[in-house]
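The structure appears right after this line, and notes come after that.
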Amino acid sequence: MSLPPLSDQERAAALRKAAAARTLRSYTKARLKAGAVSVAEVIAASAEEPALGRLKVTDLLEALPGIGKVRATVIMSELGIAPTRRLRGLGIHQRRMLVDYLGPEL
């Protein structure tokens, strides 16, 4: 399946939209690392903001202080979350388990 050809203006608009989404995800991860926002707040915001919904759960966990790649993998396997899962793909029970596991302050 090939993509429809885009005009230069449409391509530029798509690039701006993609850059804005990456910036939002990066900003959110930085706020997580600083403790300015909790995991529960990010998960709740992902329902409203499509760019946050595309954030991988592993990236979310790795943005937290003290959690690296190995610990994020262990947490996800303990909770039964696939390694490729994104925030928008989490079910309500997975969301609740993730918040309960990390605690309300994270």
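Restricted to the stretch 43-66, and to residues there that are in contact with a strand residue (DSSP E or B) (Cβ under 8 Å, 6 or more places away or on another chain) and crowded, with 20+ Cβ neighbours inside 10 Å, the residue that is nearest to Gly80 (Cα to Cα) is Val57. When you look at Leu24, is it within 17 Å of the chain's Cα centre (by Cα) and at pLDDT 95 or above, yes or no? Considered against the rule, which asks whether it is within 17 Å of the chain's Cα centre (by Cα) and at pLDDT 95 or above, Leu24 comes out as yes.
Taking the numbered list (1) surrounded by 11 or more Cβ atoms within 10 Å (Cβ to Cβ); (2) on the phi < 0 side of the Ramachandran plot; (3) not polar (S, T, N, Q) in turn, Gly35 passes all entries but (2).
Return yes or no: is Val70 of a type in the set (A, V, I, L, M, F, W, C) and either buried (at least 17 other Cβ atoms within 10 Å of the Cβ) or at pLDDT below 95 (or both)? When the stated conditions are applied, Val70 does not pass them.
Can we say Glu78 is of a type in the set (Asp, Glu) and within 13 Å of the chain's Cα centre (by Cα)? For Glu78, the condition - of a type in the set (Asp, Glu) and within 13 Å of the chain's Cα centre (by Cα) - is not met.
The values are calculated or read from the model by the stated rules, or taken from the named source; none is laboratory data. This one's a predicted model, so the numbers in the text were calculated from it and none came from an experiment. For neighbour counting, all protein chains shown are included, and Cβ atoms are generated from backbone atoms with ideal geometry for every residue, glycine included.
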